[in-house]
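Visitor: Have a look at the structure that comes next, please.
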Amino acid sequence: MNNVNLTPDFLEELRAKNDIVDVASKYITLNRRGANFWACCPFHHEKTPSFSIKQDGQFFKCFGCGESGNVITFVMKSENVDFMTAVEILCKNCGISMPTNADTDEMQRKKRERDKIYKILSDVH
């Protein structure tokens, strides 16, 4: 996975091809109320539904625990996986391939800069 370049366009396409209601329905039972879908939150224990999905906005929000996000975040939390694994799951779900690019000089430069910043931040703590 080292040579994967997830561009904003690719992530937008991935989210567009994975409707959050369809994906969430594989994990929880949703009930439509008005424009939104509701369920008991899959991320904490509750007896009355406080978990809402806004399909036209493609995001979720739990009014009980405060969790929120898009379809990628939902898969990350539901499957307890990192971002890249959630992207892989969603790619398989909709039948698209993960993009791959060989490391360019620019990508390597950015990685070195990012690594320096992480090192500085870890040294501060």
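Visitor: May I ask you to list the aspartates and glutamates whose Cα is less than 20 Å away from that of LYS111, ignoring any residue fewer than eight positions away on the same chain?
Guide: Straight-line reach from LYS111, under 20 Å: ASP82, ASP103, ASP123.
Visitor: Using Cα pairs closer than 8 Å and at least 6 residues apart in sequence, work out the relative contact order for segment 1-63, in percent.
Guide: It comes to 24 percent, rounded to a whole number.
Visitor: Same structure again: Just how many pairs of Lys in segment 24-110 have C-alpha atoms closer than 29 Å, counting pairs that are eight or more places apart or on different chains?
Guide: Here the count comes out as 14.
Visitor: Go through segment 39-55 residue by residue and turn each phi into a ³J(HN,Hα) via Karplus (6.51, -1.76, 1.60, θ = phi - 60°); whole Hz please, and just put x for glycine and proline.
Guide: Each residue's phi maps through the Karplus curve to give 7, 5, 5, x, 9, 7, 7, 7, 9, 10, x, 10, 9, 10, 10, 9, 5 Hz.
Visitor: Only Cα pairs under 8 Å and at least 6 apart count here; give the relative contact order of the chain as a rounded whole percent.
Guide: Working: 133 pairs, mean separation 28.0, N = 125.
Relative contact order for the chain comes out at 22 percent.
Visitor: What is the distance in Å between the Cα centroid of segment 51-70 and that of segment 5-28?
Guide: Centre-to-centre (Cα) distance: 14 Å.
Visitor: Say the dipole of the chain comes from +1 at the beta carbon of Lys and Arg and -1 at that of Asp and Glu; which of LEU14, ASN80, CYS65 then lies farthest toward its positive end?
Guide: CYS65
Visitor: Per-residue counts of other Cβ atoms within 10 Å, averaged by peptide: what ranking do you get for 8-18, 82-92, highest first?
Guide: 82-92, 8-18
Visitor: Which lysines, on any chain, are close to LYS116 with Cα under 17 Å apart, when same-chain ones fewer than 8 places away are left out?
Guide: Answer for LYS116, where 17 Å is the Cα cut-off: none of the lysines qualify.
Visitor: Something else about it: Looking at the calculated P(r) for the chain, what percent of the C-alpha pair distances fall above 18 Å?
Guide: Values: 4673 of 7750 pairs.
Considering the chain, 60 percent of its Cα-Cα pairs are separated by more than 18 Å.
Readers should treat all values here as calculations from the given coordinates under stated rules, not as data from a laboratory. Model, not experiment: these values are computed from the prediction. Please note: Cβ atoms are built from the backbone with ideal geometry, for glycine as well, and neighbour counts cover all protein chains shown.
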